[in-house]
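Below is one structure, written out as structure tokens; comments come after it.
The values are calculated or read from the model by the stated rules, or taken from the named source; none is laboratory data. Predicted model only: the values in this text are computed from it and were never measured. Because the Cβ atoms are built from the backbone with ideal geometry, glycine has one as well, and the counts that use them run over all protein chains shown.
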Amino acid sequence: MDERLRRLLAQRVEAYLRDVEEALEGADPRASWPAIRAWLLPLVAGWRSLLAQHSFGLHGRCRHCDRGLRRWHGRRTLCSVWRTAHAHLIGGWSGGGRR
């Protein structure tokens, strides 16, 4: 990916997340539910898309992350995307990421 495009994408995503965070933290207490909903629906869709890309393959490992790990067949580490999703959406993680 072109460095300039990567930087632009990162800036746009960070700005979006910052705006959502400010709205949800109550920067504008008059924010209506439809406005909050409009912020949250793309986040839900984004997480679902990311998790779909990291879905589990035949051996219970992430199909995306496992591409580079084929030579280590015994490695059973849970995908970092799923660990992050669990930590941020469910709350915490125990077990050190091992399945």
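A compact table of results
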{"quantity": "Among (1) more than 21 Å from ALA85 (Cα to Cα); (2) modelled with pLDDT of 80 or more - the single one ALA10 does not satisfy", "calculated": "(1)"}
{"quantity": "Filtered residue count, segment 26-60, keeping only those that are among the charged types (D, E, K, R) and either in a helix (DSSP H, G or I) or assigned by TED's automatic domain parsing to the domain that holds LEU89 (or both)", "calculated": "2"}
{"quantity": "Among residues of segment 37-70, those that are modelled with pLDDT of 80 or more and either under 30 Å from GLU22 (Cβ atoms) or touching a Lys or Arg at 6+ places or on another chain (Cβ under 8 Å) (or both), counted", "calculated": "20"}
{"quantity": "Residues that are among the β-branched types (Val, Ile, Thr) and more than 17 Å from GLU14 (Cα to Cα), drawn from segment 36-60", "calculated": "ILE36"}
{"quantity": "Verdict on ALA23 being outside any loop (DSSP other than H, G, I, E, B) and modelled with pLDDT under 90", "calculated": "yes"}
